[in-house]
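Data block below; observations after.
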Amino acid sequence: MNLRRIKHMLLRLSNEEKIIGIGCILIIIGSFLPWHSIVLNFDNQSITQNGFGGDLGVVGFVIFIMAILALFVLIAEHLHIKIPYLGYTKEQILLFLMGENAFLVLITIAIYTKRSLEFTDANLRFGIYLALIGAFLGAFAAFAQIQKLKKEEVQEFFDHEEPVGTRHDTSGEEYEEEMEEPEPEAELFEEEAEAEPEPVEEEDEVVEDEMIEDVEMETEEESESKDQADYFTREAGISEKDIVADAETVDEEDDKDKTSNISMNFYEDQ
């Protein structure tokens, strides 16, 4: 691996990942530095222990291994190294490793502080504080990375349904989205007209039915009036021949009146 590739790998890391990497390096360096020192009373001899020394050396070794694992998980993706799938995301694994390191360092500090009461001169050294700072930095950065990813997922979910043409991202930069062009209104009306069934023309049939009903009503009224007239004539004992003869005599009298009127007018003119 050359320096150019390492440079590109570091540039691809996010700010949170860089902080996690710095925290892992601080833990690794702090493991080799002194963690605890005591001074014996009888000969004033000073004993100094690093992360791997004393009866708590196993705890320091576990902290060191987990820091290396966290650093490997952090850069494995950028080095194209496949990691076995454990059912958790990379950020969750980093949070677990760095959080466990912080917890173990705190336990170690508590034990050394309790033991220092048995000696006249016992102190916690710089190495354990360096490891504690690195563990807390890595744990907080891993937690911030998880929250950032959740926020991006929620933002992508809502941005996917936005019909707005312009919106702001988290960095404050504006970017435009192509809006879907709505269909013309004329095409929509044509589609609705095609979808609707044509109404059946029943007006003509209704009009014809009404006319037929009117004619039938008139014929019925005429037949009823004729039947009534026949009934009254039969009751009165007048035959149809008498009615016809009376009508003829009435016509003849009208004609005579007309001729007489004409002759009277003629003599008056004379």
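The values are calculated or read from the model by the stated rules, or taken from the named source; none is laboratory data. Everything numeric here is computed off the predicted structure, so don't read it as measured data. When we count neighbours, we look across all protein chains shown, and the Cβ atoms used for this are built from the backbone with ideal geometry, even at glycine.
Structural remarks
- Of the residues in the range 108-117, at least one is touching a strand residue (DSSP E or B) at 6+ places or on another chain (Cβ under 7 Å), small (Gly, Ala, Ser) and part of a helix (DSSP H, G or I).
- When each of Ile75, Ile38, Ile47, Ile29 is tested for being assigned by TED's automatic domain parsing to the domain that holds Leu149, under 30 Å from Leu124 (Cα atoms) and assigned to a helix (DSSP H, G or I), the lone residue that passes is Ile29.
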